[in-house]
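What follows is one structure encoded as structure tokens, with my remarks underneath.
The values are calculated or read from the model by the stated rules, or taken from the named source; none is laboratory data. Not measured: the values here are computed from a predicted model. So basically every Cβ, Gly included, is an ideal-geometry build from the backbone, and we count neighbours across all protein chains shown. When the accessible area is computed, the model is the full protein with side chains, heavy atoms only, and any ligands, DNA or RNA have been set aside. Shrake-Rupley method; radii C 1.70, N 1.55, O 1.52, S 1.80 Å.
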Amino acid sequence: MRLGYLEQWTAVPGTVLEWTVLADSELVDSPVPPTGNQLMHLAAARTAWLAVMFDVPGPIDRRALEIAFAVWTTRHDALRCGFVRADGPGPVSMRVGAGIRLEARPDVPVGTADELRTVLGARFDEACDPFRFAPYTLAAISRPGGSTVVCAFDHAVCDAWSMTVAATELDQLYRAARAGGRPGARTAAARLPAAGSFLAYCAAESATQISRDDPRLRRWRDFLGEAGNDVPHFPDDLGLAPGTTAPMAGDVRTILDAADADSLELRCHDDEYSVFAALLAVVGQAVAGQSGRARTLLLAPVHTRREPLLHNVFGWLVGNAPIVVDTDAVDFTASARAADDSIRAGRVLAEVPPARLLGAMGSDLRLNRADLFTVSFVDYRRLPGGSRYPGSASAPRNCVQLSRGGQADDVQMWFSRTDDGLSLRTRFPRTALAQARIREFLDRLTAGVQAVRRADVRRSGLSYNGSGRSIGVAVGPYVSNPRRIER
């Protein structure tokens, strides 16, 4: 799974086929409310869609793809959910349909990659409105020599993990439908792993009881207090006045190829911290080198699919882990191990539903920006369809996940590991100052990860002058440490 932005995506044009998803009966009120993530997303009252695409041979078999879409949408209850805004300041409610039907839209031939981006972007923006039913669209780009299946969903009904579920299952169902029609697709669906229920997950979150003296709330309060009674923000001036945003800028880069990513993973294993911890330690080094701050606070989106039954749920099952990266340590290994400890502690705090946390903080929490500083890491090899996912027989070809540019006032970073190596996608405001500083930051970060891969960071680590700014990287032999950590 490669990550990118629609504005930077280039594909061979063709004919766009699309099916609108409609309710085949009246929607009814859901017995459970939306999750905290959904409520915060829906409060923005605009779509933030995620799209997934994968290649299939030859021109699209319309009948087979429609069968695959129809069979697939019956598997996942999140795909039968819609959202309604109350008049006035009332809450958003969730409504659920008993079933859905597909309605084919007119074909749209496109002749250039620019036109294809324009057509798809306009359709995704319209179809993924979170307050229409259903807030997603199912499509394809048909070409004589090879086609692409394309689906886009409002974030309210999906997460990054769900994109791998969608691509893997639709790829198998489409191939089965081409070979055996609807019976073949239904047989293939019966062989897929149990889908689980996103609505059951919503119910479990709404039933979570957290007392005001829960120690997790105290730890959250301490973390947010250190951030200035705010969520963490990128610790440098991005060229924006308080309360303002700018159009988004995006950077997508390969940091390590497959062999070098394997080398990094081996070093992390030998030194007994996770790859994500190593990446966070380098993020902290880059922050320290650029801004002089030896302590970096951020949030790390982490999945909450703890139970095996949740592994194939299509929905939004993510919590936010508070992370502290301390680069004022004796060496890189100590910094990475401290980050590893922070990740594990943060996962416990990520189990606190956002609504409970916001309620506990009350007026003490000051949100100075619309966005926040986040860093995430996903090893797509270990997700559905990945080469290391249990039971994976085949993966969709040329699988890509795209999102749309919009307004931004902070920095979000997504590290991704695939069989091709380690990549990074970054989102930040398109101001002159932010573009200069974030690209410098990303160059520092890229060089830092490559140095760690080469084991060039000696136990004396980065050196800092009195202001905390980096004055060089100490190069020396790599020495493993026999520390043992339970995983």
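Using a Förster distance of 45 Å, how high is the FRET efficiency between Leu365 and Asp420, based on the Cβ-Cβ distance and rounded to 0.05? Walk me through the numbers on the way to the answer.
Details: r = 41 Å, r/R0 = 0.90.
Taking R0 as 45 Å, the efficiency between Leu365 and Asp420 is 0.65.
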Ignoring any ligand, DNA or RNA, what whole percent of the accessible area of segment 308-431 comes from carbon and sulfur when the probe is 1.4 angstrom?
51
Where the centre of each part is set by its Cα atoms, how far does segment 423-451 sit from segment 176-236, in angstrom?
29
Ordering 3-14, 291-302 by per-residue average of other C-beta atoms within 10 angstrom, highest first, gives 291-302, 3-14
Longest principal axis of the chain (C-alpha) makes with the long axis of helix 113-127 (C-alpha) an angle, in degrees to the nearest 10, of 80
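Quickly estimate the mean residue ellipticity at 222 nm for the chain, helices only: each DSSP H run with n ≥ 4 gives -39500 (n - 2.57), and the total goes over all residues, rounded to 500. Intermediate results must be reported in sequence, preceding the final value.
Numbers: 11 runs with 167 residues, N = 487.
That calculation yields -11500 deg cm²/dmol at 222 nm.
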By how many degrees, 0 to 90 and rounded to 10, does the Cα axis of helix 160-191 deviate from the longest principal axis of the chain?
30
Using a 7 Å offset from the Cα along the Cα-to-Cβ direction at both Glu307 and Arg182, what is the distance between the two label points in nm, to one decimal?
3.3
Identify the residues of segment 396-432 with backbone N under 11 Å of a label point that sits 7 angstrom from the Cα of Ala258 along the Cα-to-Cβ direction, or state none.
418-421
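Order His41, His303, His269, most accessible first, counting only protein heavy atoms with a 1.4 angstrom probe. Don't jump to the answer; show the numbers that get you there.
Details: His41 25, His303 65, His269 135 Å².
From most exposed to least exposed: His269, His303, His41.
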Using a 1.4 Å probe, how large is the accessible area of Arg430, given in Å² and rounded to the nearest 10?
120
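Carbon and sulfur together cover what percent of the accessible area of segment 1-150 at a 1.4 Å probe radius? Let's see the in-between values first.
Values: 3380 of 6230 Å².
Ligands and nucleic acids excluded, carbon and sulfur give 54 percent.
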Reduced to Cα centres, the span from segment 324-352 to segment 252-304 in Å works out to 11
What shape does the chain have by the C-alpha gyration tensor, where a ≥ b ≥ c are the square roots of the eigenvalues, rounded means a/c under 1.5, and otherwise prolate means a/b greater than b/c and oblate the rest?
prolate
Keeping all protein chains in position, work out how much accessible area Met163 exposes to a 1.4 Å probe, and write it in Å² to the nearest 10.
0
Rounded to a whole %, the carbon-and-sulfur portion of the accessible area of segment 204-258 at a 1.4 Å probe is 50
Check: C-alpha center segment 96-111 vs C-alpha center segment 13-57, spacing in Å is 13
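Hey, can you find the accessible area per residue of the chain for me, probe 1.4 Å, expressed in square angstrom?
Numbers: 20350 Å² over 487 residues.
Counting only protein heavy atoms, the per-residue value for the chain is 42 Å².
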Does segment 135-210 classify as rounded, prolate or oblate by the C-alpha gyration tensor (a ≥ b ≥ c root eigenvalues; a/c under 1.5 gives rounded; else a/b over b/c gives prolate, otherwise oblate)?
oblate
